[in-house]
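The values are calculated or read from the model by the stated rules, or taken from the named source; none is laboratory data. Model, not experiment: these values are computed from the prediction. Every residue, glycine as well, gets a Cβ built from its backbone with ideal geometry; the counts of neighbours run over all protein chains shown. Remember, those area values only see protein heavy atoms, side chains included, never the ligands or the DNA or RNA. Shrake-Rupley method; radii C 1.70, N 1.55, O 1.52, S 1.80 Å.
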Amino acid sequence: MEKRKVIIDCDPGIDDSLALMLALSMEELQVVGITVVSGNGPVNMGFSNAKKVLKRMGRLDIPIYKGAAVPLKREYVSALDTHGVDALGESFLPEVPGYEQPVDAVEFMKKEIGRGGCSVIALGPMTNLARLANEARAVFGKMEELVSMGGNFRSHGNCSPVAEYNYWADPEAAALVYQVAAELGMKIHMVGLDVTRRIVLTPDLLEYFCRLDPKLGEFIRAITRFYFDFHWKQEHLIGCVINDPLAVAYFADRSLCDGIEAYTEIETQGISIGQSVVDSQGFYRREPNSVVLTKVNAAGFFRMFFGRLLNRSPEKLDLLERMIS
Ligand code: RIB
Ligand code: CA
């Protein structure tokens with residue numbers, strides 16, 4: 001089977017880390033590089049956390065490139081309240097020394113995407129992608145596919161009543177990326193809160209994972225403990241919403257989600273700043289620049305998440321079926 005080349009642009013981040021773990025467990029994907037952007041935590045913290053995840057997965061062969069430290073225009077606002085002071089759930093895992101790369105994230109993207117046949121899974125604010133669009137528009141258009149965890153259609157926001165963090169944190173970047181996609185006739189696959197909110201890692205699921213693989217399970221427990229507490233305090237939810245892994249799972253298996261093609265713009269000012277305005281009714285008479293996902297097979301996601309990370313076939317995950325509705 002030919003592997004699909006992909007760059008994962010992220011802000012690790014607890015759920016970004018779970019997404020990286022899933023991607024590295026998928027033999028059909030070739031993660032050619034990881035690019036980091038300031039988001040959940042500052043870019044240097046994200047770089048450090050990405051190294052910790054690669055080390056845990058035995059994949060320090062994959063290069064990690066530092067990208068934008070601040071948004072295009074707005075002040076940088078982290079999500080450390082959600083991800084902990086180390087942006088990895090206050091797991092305070094040992095630092096992995098070195099590993100600096102000779103070029104930055106966007107230079108790497110230009111080279112790798114410029115070769116053709118390379119997709120991007122974007123899991124953080126779109127600042128790096130916006131810089132690529134600004135500096136090398138033709139290369140941006142050579143992206144095989146762009147799958148973005150971000151935005152929302154009918155679901156409420158998580159940074160304001162209408163805005164999701166990745167697009168809210170750098171609205172100018174998200175707006176530019178969607179505008180350039182429209183110009184180039186690309187469709188961004190928007191894995192937004194409408195679908196990711198259904199992906200809830202529960203205590204039972206985590207416990208089952210730990211029983212099946214204590215070492216890997218304890219790593220996941222260490223980085224998600226803070227996240228479980230945050231969700232209880234914030235939403236009285238017993239569990240934690242793991243947004244980013246769904247973008248990776250959907251990239252590998254489109255049948256996990258369904259949605260609509262639509263023209264989407266991102267608001268860059270006022271009370272709705274960061275909102276993904278999805279023109280589902282065609283008011284603007286614009287060609288679609290997005291596939292907005294609205295339905296998800298959450299059970300199918302967890303079958304994939306467990307199956308790939310634990311390298312187990314479904315029949316060896318008998319308890320899972322009773323745990324996922
Ligand atoms: O709104 C959720 C998104 O913002 C996730 O990607 C999370 O990691 C943060 O980046
Ligand atoms: Ca993220």
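The table below lists the values:
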| quantity | calculated |
| --- | --- |
| Karplus 3J(HN,Hα) series, Hz, for the range 308-317 with 6.51 cos²θ - 1.76 cosθ + 1.60 (x for Gly, Pro) | 6, 5, 9, 6, 10, 6, x, 5, 8, 10 |
| Column: log10 I(q)/I(0), Debye, Cα scatterers of the range 138-253, q = 0.23 Å⁻¹ | -1.31 |
| Under DSSP loop assignment and at most 12 Cβ neighbours within 10 Å, longest trypsin sites (Lys or Arg not before Pro)-free interval of the chain | 155-284 |
| W168 accessible area, assembled protein chains, probe 1.4 Å, Å² | 50 |
| Whole-percent carbon and sulfur share, accessible surface of the range 98-204, 1.4 Å | 51 |
| Average Cα contact separation per residue, the range 1-156, under 8 Å, 6 or more apart, as relative contact order % | 26 |
| Bins of 20 Å from zero: percent of alpha-carbon pairs in the chain | 35, 60, 5 |
| Whole-number percent relative contact order across the range 177-325, with pairs defined as alpha carbons under 8 Å at least 6 apart | 31 |
| Cα gyration tensor shape for the range 1-125, rounded if a/c is under 1.5, else prolate or oblate | oblate |
| Å² per residue, accessible surface of the range 189-260 at 1.4 Å | 40 |
| Reciprocal of mean inverse Cα separation for the range 236-325 (Kirkwood radius, Å) | 15.7 |
| Candidate residues T35, T268: accessible-area rank, largest first, probe 1.4 Å | T268, T35 |
| Along each principal axis, Cα extent of the range 1-72, largest first, Å | 39, 25, 20 |
| Stokes-Einstein diffusion coefficient of the range 172-325, Kirkwood radius over Cα pairs, 20 °C, 1.002 mPa s, in µm²/s | 124 |
| When each of K73/K110; K5/K215; K3/K111; K66/K142; K233/K316; K5/K52 is checked by Cα-Cα distance, pairs over 26 Å | K5/K215; K233/K316 |
| C-alpha center-to-center spacing [the range 86-115, the range 232-254] in angstrom | 23 |
| Amide H contacts under 5 Å for L93, placed H, 5+ residues apart | none |
| Qualifying chymotrypsin sites (Phe, Trp or Tyr not before Pro) in the range 247-325, DSSP loop, other Cβ atoms within 10 Å at most 15 | F283, Y284 |
| Test item: Cα-centred dipole of the chain, Lys/Arg +1 and Asp/Glu -1 on Cβ, debye | 480 |
| Per-residue ³J(HN,Hα) for the range 152-160, Karplus 6.51 cos²θ - 1.76 cosθ + 1.60, θ = phi - 60°, Hz, x for Gly and Pro | 6, 10, 9, 7, 6, x, 10, 10, 7 |
